[in-house]
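Worksheet: one structure, shown below.
The values are calculated or read from the model by the stated rules, or taken from the named source; none is laboratory data. Since this is a predicted model, take the numbers as computed values, not measurements. All Cβ positions, glycine included, derive from the backbone under ideal geometry; neighbour counts span all protein chains shown. We work out accessible area using only protein heavy atoms, side chains counted, and drop any ligands, DNA or RNA first. Shrake-Rupley method; radii C 1.70, N 1.55, O 1.52, S 1.80 Å.
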Amino acid sequence: MLNFILRKIFYGILVLWGVVSFVFLIFSIKPGDPARMMGGQHATAEVIASINKDLGLDLPLYKQYLFYFNDILPISLLENKNQESRIFADPSKYNIYASVKIGDDKVLVLKEPYLRRSYQSRKKVSEIIGEAFPGTFILAVVAMAFALIIGLFTGIFSALYKGSFFDNSTIFLSVLGMSGPSFFMAILISWLGGYVWYASTSLPALPFVMFVFGLIIYSYRRYKEKKKIWILSMISLGFKYFFIGLFIWSILALVQFLFPGLSLSIVDISFALPGTGLEMTGSLYEYDVFTGKYLSLQNLILPAITLGIRPLAVIVQLTRSSMIEVMDQDYIRTAKAKGLNKTEIVWKHAIKNTLNPIITAVSGWFASMLAGAVFVEYVFGWKGLGLELFDSLIKDDLPVVMGSVLFIAAIFVIMNIIVDILYGILDPRVRM
């Protein structure tokens with residue numbers, strides 16, 4: 001197992017090295033003059049030259065690459081005497097944890113990776129990422145928890161009741177959820193939850209009356225046949241009648257629209273739902289003129305739902321297909337033959353072997369969320385890594401963009417290593 005883990009870590013390091021090299025090359029050949037941008041349009045040639053020297057842009061490309069690579073490595077070679085050196089152990093740049101002297105003026109140090117400074121604010125890129133990432137992390141955790149909990153249970157019950165109205169509805173809604181672009185869903189949910197439904201909204205009563213009617217019909221049939229009432233089956237039939245009622249109401253509403261003189265009172269019967277009270281935009285922390293900074297958890301609801309819709313749809317589909325496949329295995333049939341009840345078979349025997357594809361999906365989506373859901377954070381004004389990356393691209397702040405991309409790559413590599421280790425634990429054949 002140790003060799004398996006070390007091999008995965010080694011592959012991860014190679015991937016990060018490739019990402020660092022590629023990102024550095026792409027941003028180094030990008031048009032634009034950072035020195036002119038920092039110095040302003042009226043900066044003299046001496047000022048531009050000084051800025052270029054400070055940024056290391058006066059060096060050949062290969063030397064810039066070596067110095068940048070030395071800066072971002074946790075173990076680096078620095079100088080502790082010559083303050084004019086490009087690799088001087090400047091405490092304002094490097095957070096050094098330990099050092100070993102290897103010459104008269106050379107030291108090998110263990111330090112925090114130095115991602116340079118922002119062109120705009122002159123703050124360390126690591127500090128900017130450190131301030132932005134917690135917002136993204138909290139948003140990603142809540143969104144993934146929402147997707148995972150609902151997705152697992154929905155997918156399992158959809159597989160157990162394959163072919164039912166509940167199953168067909170689940171498949172339809174899953175496809176719909178995967179098809180919706182992030183920016184469109186963010187705008188739609190922000191508008192519906194933060195504007196249309198902010199105070200209160202009215203819903204037609206007919207579909208809900210039909211839903212209750214479906215519940216009553218199912219209960220009456222089971223009671224008459226003296227059979228046990230299954231809650232999921234009852235709800236499934238209720239939703240079937242709900243959509244029938246919604247279809248009837250839509251037809252009647254269309255008829256009334258086309259013929260204004262015709263009055264159909266059943267179309268106008270509705271009931272009011274209390275408003276969400278949620279704002280269209282907002283972040284985890286807000287500021288008040290009198291009270292200052294305060295925690296605003298309600299701002300988390302709409303962006304978390306938006307961010308969780310697509311992984312929810314994927315998890316439902318994967319759970320359903322994996323559960324159907326597992327339930328057809330020989331050991332499941334043996335468990336049924338032994339007289340084990342359905343609940344015990346599902347939760348003690350089938351679930352574990354259903355989780356492998358779900359772990360893959362969850363890890364990939366969670367890494368993407370941690371990388372910064374740019375569109376979602378931008379639409380909702382959520383202060384996180386995605387919004388910071390977007391602003392940096394607009395301002396052409398290359399150190400922040402490069403640092404954010406490397407941070408995102410590190411997240412993906414770490415998540416993949418964790419997933420591979422989990423695979424090795426759940427399925428020993430993976431370690432071979």
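Placing a pseudo-label 7 Å from each Cα along the Cα-to-Cβ vector at PHE184 and ILE418 gives an inter-label distance of 3.2 nm. What are the trypsin sites (Lys or Arg not before Pro) within the range 110-184 that DSSP puts in a loop, where the Cβ has at most 11 other Cβ atoms within 10 Å? For trypsin sites (Lys or Arg not before Pro) across the range 110-184 that sit outside H, G, I, E and B with at most 11 neighbouring Cβ atoms in 10 Å, the list reads ARG122. Amide H contacts for ARG117 (H built 1.01 Å from N in the peptide plane; partners 5 or more residues away or on another chain; cut-off under 5 Å): VAL125.
Over the chain, dividing the summed -39,500 (n - 2.57) contributions of all DSSP H runs of at least 4 residues by the number of residues returns a 222 nm mean residue ellipticity of -21000 deg cm²/dmol. The alpha-carbon positions of the range 205-251 define a convex hull whose volume is 49 Å³ per residue. Annotation for the range 181-232: trypsin sites (Lys or Arg not before Pro) lying in DSSP loop with at most 13 further Cβ atoms inside 10 Å of their Cβ are LYS226, LYS227, LYS228.
Each part gets one Cα centre, and for the range 259-323 versus the range 180-230 those centres are 14 Å apart.
Between 0 and 90 degrees, rounded to the nearest ten: what's the tilt of helix 182-191 against the longest Cα principal axis of the chain? Result, in degrees: 60. Multiplying each eigenvalue of the alpha-carbon gyration tensor of the range 204-360 by 5 and taking the square root yields semi-axes of 39, 33, 15 Å, largest first, rounded to whole angstroms. The value of relative contact order for the chain, using C-alpha pairs under 8 Å at least six residues apart, is 22 percent. Ligands, DNA and RNA are left out, and with a 1.4 angstrom probe the accessible area of the chain is 58 Å² per residue. Summary of packing: across the peptides 353-362, 6-15, the per-residue average of other C-beta atoms within 10 Å ranks them, highest first, as 353-362, 6-15. Apply 1/(1 + (r/R0)^6) to the Cβ-Cβ distance of TYR11 and LYS224, taking R0 = 56 Å, and write down the FRET efficiency to the nearest 0.05. Plugging the Cβ-Cβ distance into 1/(1 + (r/R0)^6) gives 0.35. In this structure, the pairs whose alpha-carbon distance is over 24 Å, taken from LYS162/LYS352; LYS162/LYS227; LYS63/LYS111; LYS224/LYS348, are LYS224/LYS348. Taking label positions 7 Å along the Cα-Cβ direction at both ASN70 and ALA253, the computed distance is 6.8 nm, reported to one decimal. Shown in residue order for the range 128-137 are the 3J(HN,Hα) couplings computed by the Karplus curve 6.51 cos²θ - 1.76 cosθ + 1.60 at θ = phi - 60°: 5, 5, x, 6, 8, 5, x, x, 5, 4 Hz (x for Gly and Pro). Shown in residue order for the range 326-332 are the 3J(HN,Hα) couplings computed by the Karplus curve 6.51 cos²θ - 1.76 cosθ + 1.60 at θ = phi - 60°: 5, 5, 8, 6, 5, 5, 6 Hz (x for Gly and Pro). In this label model, ILE217 and TYR97 are separated by 6.5 nm, measuring between points 7 Å along each Cα→Cβ vector. Relative to the longest principal axis of the Cα atoms of the chain, the long axis of helix 351-370 makes an angle of roughly 50 degrees. Taking GluC sites (Glu not before Pro) as exposed when DSSP calls them loop and at most 15 other C-beta atoms lie within 10 angstrom, the chain has its longest site-free stretch at 226-432. According to the Cα-based calculation, Rg over Rh for the range 80-129 is 1.02, with Rh computed by the Kirkwood formula.
Between 0 and 90 degrees, rounded to the nearest ten: what's the tilt of helix 165-179 against the longest Cα principal axis of the chain? Rounded to the nearest ten degrees, it is 30.
Extension gain for LEU393 to ALA45 (0.36 nm times residue separation, less C-alpha to C-alpha distance): 122.6 nm. The accessible surface of the chain, taken with every protein chain in place and a 1.4 Å probe, is 68 percent carbon and sulfur. Placing a label point 7 Å from the Cα of ASN341 along the Cα-to-Cβ direction, the residues of the range 211-254 whose backbone N falls under 14 Å from that point are 228-231. Rg over Rh for the range 293-401 works out to 1.22, using Cα positions for both radii and the Kirkwood form for Rh.
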